Amino acid sequence: HAATGTWMVSAGAGLMQGVLGGPGWEALTGDFDGDGVSDPALYHGVSGSWMIYLVGTQELLRGQLGGPDYRPVAGDFDGDGVWDVGVYRSDGRWFLVALDGREILWNWSWGGGSWQPVR
């Protein structure tokens, strides 16, 4: 629920509910710790803030990448089995970073103003 930041996640036979984010946050999912379970992630486009909730360990990761005119992307961009985060800027620039802080791809141009990244 975007206005309140309330999440509901079906976890096996149960249902988890919690508050993470709020107005202005975009939702993504991915396996950000490599345990085979999807983890919810949020991106705030105005500030470039990221929050990733690791379901297995109940750990909350926070970071900064992006800002206005950026779209969030997530995927296993380096092939290590752990999803990474990134942003795509409206001029076609990509910035991809592993969760350990390694730059995977930085300031690479592919696309343009009317293009949208696949998320």
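The values are calculated or read from the model by the stated rules, or taken from the named source; none is laboratory data. Quick caveat: nothing in here was measured; it's all calculated off a predicted structure. So basically every Cβ, Gly included, is an ideal-geometry build from the backbone, and we count neighbours across all protein chains shown. With ligands, DNA and RNA removed, areas are computed over all heavy atoms of the protein, side chains included. Shrake-Rupley method; radii C 1.70, N 1.55, O 1.52, S 1.80 Å.
Over every pair of different alpha-carbon atoms in the chain, take the mean of 1/r and invert it; report that Kirkwood radius in Å. Here the Kirkwood hydrodynamic radius works out to 14.8 Å. The calculated FRET efficiency for residue 61 paired with residue 118, based on their beta-carbon distance and R0 = 22 Å, is about 0.45. Among residues other than residue 33 with Cβ under 9 Å from its Cβ, the summed charge is -4 (Lys and Arg +1, Asp and Glu -1). For the chain, the dipole from Cβ point charges (+1 on Lys and Arg, -1 on Asp and Glu) about the Cα centre works out to 460 debye, to the nearest 20.
Percent of C-alpha pairs per 10 Å bin in segment 71-111, short distances first: 33, 55, 12.
Can you bin segment 14-75 into rounded, prolate or oblate? Criterion: square roots of the alpha carbon gyration tensor eigenvalues sorted a ≥ b ≥ c, rounded for a/c under 1.5, prolate for a/b above b/c, oblate for the rest. List each step's numbers first, then the result.
On the way: a/c = 2.22, a/b = 1.60, b/c = 1.39.
It comes out prolate by the Cα gyration axes.
In segment 1-106, the portion of solvent-accessible area held by carbon and sulfur atoms comes to 54 percent [1.4 Å probe, whole percent, DNA, RNA and ligands not counted].
How much area per residue is accessible in the chain when the probe is 1.4 Å and only protein heavy atoms are counted (Å²)?
That works out to 57 Å² per residue.
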